[in-house]
2 protein chains.
Amino acid sequence: MFIKLSKQSSLANLAVNGVTCRGKVLTLDSMNPNVRRVEYAVRGPIVQRAVQIEKELREGVKKPFTEVIKANIGDAHAMGQKPITFFRQVLALCSYPDLLEDNKFPEDAKKRARRILDACGGHSIGAYSASQGIECIRQDVARYIEKRDGGIPSNPDNIYLSTGASDAIVTMLKLLVCGEGRDRTGVMISIPQYPLYSAALADLGAVQINYYLDEDKCWGLDVTELRRALNAAKQHCKPRVLCIINPGNPTGQVQSRECIEDVIRFAKEENLFLMADEVYQDNVYAKGCKFHSFKKVLFEMGPEYSSSLEMASFHSTSKCYMGECGFRGGYMEVLNMDPEVKAQLTKLVSVRLCPPVSGQAMLDLVVNPPLPDEPSYERTAVLAALAEKSHLTEEMFNTVPGITCNPVQGAMYTFPRITLPQKAIAKAQEEGQAPDMLYCMKLLEEEGICLVPGSGFGQKEGTFHFRMTILPPTEKLKVVLQKIRDFHLRFTQEFS
Amino acid sequence: MFIKLSKQSSLANLAVNGVTCRGKVLTLDSMNPNVRRVEYAVRGPIVQRAVQIEKELREGVKKPFTEVIKANIGDAHAMGQKPITFFRQVLALCSYPDLLEDNKFPEDAKKRARRILDACGGHSIGAYSASQGIECIRQDVARYIEKRDGGIPSNPDNIYLSTGASDAIVTMLKLLVCGEGRDRTGVMISIPQYPLYSAALADLGAVQINYYLDEDKCWGLDVTELRRALNAAKQHCKPRVLCIINPGNPTGQVQSRECIEDVIRFAKEENLFLMADEVYQDNVYAKGCKFHSFKKVLFEMGPEYSSSLEMASFHSTSKCYMGECGFRGGYMEVLNMDPEVKAQLTKLVSVRLCPPVSGQAMLDLVVNPPLPDEPSYERTAVLAALAEKSHLTEEMFNTVPGITCNPVQGAMYTFPRITLPQKAIAKAQEEGQAPDMLYCMKLLEEEGICLVPGSGFGQKEGTFHFRMTILPPTEKLKVVLQKIRDFHLRFTQEFS
Ligand SMILES: Cc1ncc(COP(=O)(O)O)c(C=O)c1O
Ligand SMILES: Cc1ncc(COP(=O)(O)O)c(C=O)c1O
């Protein structure tokens, strides 16, 4: 018997003894090549191995540890953070409105639930909403933005609710991508980056333009570097979009006002659409750092900018003090968008009908929580605790020879640089693996700690990092830091 | 002052008195052309006008009616249907677990909520879940499928939870589309179709291959027509996918077992990936009709088929007896998928992190509701009432001269054919409008009833239809039918 590839068909179709035996319709070779190119490290092979190890532990397999600590993702509740009572009361009331008769629920929670239900079809969160999101929730979002930005007006018509910020970011990128060959849309993203961006760009077949954050300057952003990246890219694509994450993921920097002004000037000069990912807007810890929204700075730069720069900014229920990731709530605000394009955007989002209504309800509470003088006001210590943990992490890592760590000014992650012995680098290369992947895999196997290698986010050639969330409870975080320290010393010794 | 188009730039960049004043980055001309081509009639201009009219009514504008009846979409709760108590109790318990201490909730609801919470990170539905969906819910889905299909095994690893069926359908199509020019993937869809399909194909730049359902045979599907469409398409693309909606939207037909067998044989012969949209699997009303899942029929056709035909089937929390659209729960089951492709699919869904966890919880309840001998069992009259309304609708429409209506065998819609006077057709053409759009717009303005014109779903050239959901409560449905009858007669007269 001989097997040969039949000529007129793909690799998947084999001719066996002359009889064509058809292979699969859908194979690696015949699937969407853009999807194949997508990478998403935050939930990549290392996380899959972590899940496997957890299974093995449950099945009684002996390991040098008793639990896997998943510090790979910014998922506050998974790390034990408790939800805000009021938020969940309102969600329960919306889910099961019979509870509106129950005396146990505070009046303000009931009032809020009634307002949301009144805005739902048939007074049920089980009805589809308008595709752009429930109108009164978009109004609340607009008021939130106005308050945040010191009164700069926000128009609810410019607000699009979404299935988490991820959804809105992907939708906005999709709208922006066009052209072929040298005319293909180029999108500037920071390196290191949150891999949603590179994944979405691969999926859309857009050109990814890397600009590098400066590790030596606290992961700062410099317009000279933006310009370098842009000019290089102009040789092979049409740069049209600039994406900024502030506060930064994975790098934790918080941009200064001056830096934001520079970025806005650059975007205007170069005729770029600005995408401002501000999902960590409440997560600022470092002394002297403050969150400035791109919109506020834009408006304060005067009408020359505020009336022309096209931008979208993104927010989410997943981060900040509430960490309600599972609800998949989020929004974007678009500014200076061509009305015809806005109509196209509205059409595009209508294809998937609507974002989850419970996520919309959660967003409503997040943008409009009870005030200090209202009965359900709840002082949450989450942000203060995160600030403490950010300092703890930086200090601890910087005591370890071979680890250097910038301050975690904001967001929820540390992205320390690790020095790896030459032998480890050589071994990884032999195995066709990124050296920091080898490091993280070994850490997972030996200590049960799941991190994401820096290679998953992009980093300067020849440098190595990992990303760790600072979300574990303080006592657990201390243990994690100690374990990583021990591991790092052991690893360095093993490969010297 | 003169304005002229500058040479080197797009229409959007105008040169005013020699000074280039840059236009927008993002315009109709410079946006993603695939997105521009997307159409989505179910939420199109007619629905936007309906929302406007509602606003006008609230503002006191006088109209010949007092409310807009939105019969354009299959949204049960918006039409006044009440949710299943047990489902909402469990959702409330999951949202606010303090209620687990409350005696008012039945034990089985508490048990179910505890099981779901135990499967969530940190016991909170506010944590991200696995991207493929929570494992124990995927197990429940697999058991549901096994039970539905008389014991044919279902593997939880083949189940992907999703943000409504829409999300899973788009994801699956995305995976399947590749090639350029004559090698571009062709996807066969029924005409009339649910416009999610044409929209997703336009977005992906895939080739839409239309096969026509036979209105004279109760919107039946004939393999001869499939073959005709396929052969014609082979001239200009690579047909790789066959999409079937059963029970049908907008056409309401329920496929016979024989027809399904024919389709499966055809798909196998022609090496097509089969996508079976079965979101209306519980919605079967006509005597002699029964829902047969494609999977069950596939397996009953023997291993020659069941071990090779690649397919995905889709289900949703939005339809059937529960109509929980707002939760955006859904799943797909993939069969015979290449394991490497499955890994790619898992990677792809991980980019958006996870489907909404409350939607996943809702899905868990839908696939595993309380049984008749359990305390929270609730007999719902929804399906019986829908059956009654399906008959009522068919009968009523068929009494109107110029309207002919197939039986609504299943799903939630009627798609009657309307005869339009030549003058009306001419007027619409003058205005560059589809004649049935003119008809539906006029109906909306005069009677406050919002339907979707047949042109939004596709129809045989020269025929006209509208789609109406049969979901309104019986008394209201009668009013709607009467109003449409009156309008139709008036319209016919007006244009004769
Ligand atoms: C910078 C950034 N943007 C967007 C997201 C997406 O968040 P979600 O889709 O949960 O709202 C994340 C999540 O980690 C993020 O870190
Ligand atoms: C045939 C069909 N498929 C899929 C869907 C999508 O439903 P959902 O995304 O709400 O699950 C619908 C909704 O009307 C439909 O009619």
Need one number for segment A:370-496: average projected area of the convex hull over its C-alpha atoms, nm².
9.1 nm²
Determine how large the accessible area of A:Lys70 is when every protein chain is in place; take a 1.4 Å probe and give Å² rounded to the nearest 10.
70 Å²
Give me the accessible area buried between chains B and A, both sides summed, with a 1.4 Å probe, in Å² rounded to the nearest 100.
7800 Å²
Checking a compactness column here: for segment A:318-383, what do you get for Rg(Cα) / (2.2 N^0.38 Å), N being the number of residues?
1.46
When 1/r is averaged over all different Cα pairs and the result inverted, which Kirkwood radius in Å belongs to segment B:43-201?
20.4 Å
Of all beta bridges DSSP finds with both residues in chain A, what is the antiparallel percent, to the nearest 5?
55 percent
Rg to Rh for segment A:191-281: what is it, with Cα atoms only and Rh by Kirkwood?
0.93
What does the helix-only formula give at 222 nm for the protein assembly as shown: each DSSP H stretch with n ≥ 4 adding -39500 (n - 2.57), the total divided by the residues, and the result rounded to the nearest 500 deg cm²/dmol?
-12000 deg cm²/dmol
If segment A:128-366 were replaced by its equivalent ellipsoid, with semi-axes equal to the square roots of 5 times the Cα gyration tensor eigenvalues, what would those be, largest first, whole Å?
26, 21, 17
Would you calculate the separation in nanometres between label points at A:Val51 and B:Thr346, each defined as 7 Å from the Cα along the Cα-to-beta-carbon direction?
0.6 nm
Förster radius 56 Å - calculated FRET efficiency between A:Arg37 and A:Asp98, Cβ distance, rounded to 0.05:
0.65
Please identify the GluC sites (Glu not before Pro) of segment B:448-496 that satisfy two criteria: DSSP loop assignment and at most 13 other Cβ atoms within 10 Å. Which are they?
B:Glu461
Can you list the residues in segment B:353-385 whose accessible area drops by at least 20 Å² when all protein chains are present, compared with the chain alone? Use a 1.4 Å probe, heavy atoms only.
B:Leu353, B:Cys354, B:Pro356, B:Ser358
Jot down the radius of gyration and Dmax of segment B:32-126, Cα atoms only, both in angstrom.
21.2, 57
What span do the alpha-carbon atoms of the protein assembly as shown cover on each of the three principal axes, reported in whole Å from largest to smallest?
87, 81, 69
Comparing each residue of segment B:102-137 in the complete protein assembly with the chain by itself (heavy atoms, probe 1.4 Å, ligands and nucleic acids ignored), those losing at least 20 Å² of accessible area are B:Asp102, B:Lys104, B:Phe105, B:Gly122, B:Ser124, B:Ile125, B:Gly126, B:Ala127, B:Tyr128, B:Glu135
Sites A:Glu475 and A:Lys423 - FRET efficiency at Förster radius 35 Å, r taken between beta-carbons, to 0.05:
0.50
Can you spot the lysines whose alpha carbon is less than 16 Å from A:Lys104's alpha carbon? Ignore those fewer than 8 places along the same chain.
B:Lys104
If the reach is capped at under 19 angstrom between alpha carbons, list the aspartates and glutamates near A:Lys238, excluding any in the same chain fewer than eight residues apart.
A:Glu180, A:Asp183, A:Asp203, A:Glu225, A:Glu269, A:Glu270, A:Glu310, B:Asp29
In whole percent, and with a 1.4 Å probe on the protein chains, what portion of the accessible area of chain B is carbon and sulfur?
51 percent
Histogram of C-alpha separations across chain A, 20 Å bin width, %:
21, 52, 25, 2, 0
Losing no less than 40 Å² of accessible area (probe 1.4 Å) relative to the isolated chain, the residues of segment A:179-204 are A:Asp203
For chain B, what is the accessible area per residue in Å² when the probe is 1.4 Å?
38 Å²
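The values are calculated or read from the model by the stated rules, or taken from the named source; none is laboratory data. Note that the coordinates shown come from a computational prediction; the quantities given were computed from them, not determined experimentally. FYI the Cβ positions are ideal-geometry reconstructions off the backbone, even for glycines, and counts take in every protein chain you see. Accessible surface areas use protein heavy atoms only, side chains included; no ligands, DNA or RNA. Shrake-Rupley method; radii C 1.70, N 1.55, O 1.52, S 1.80 Å.
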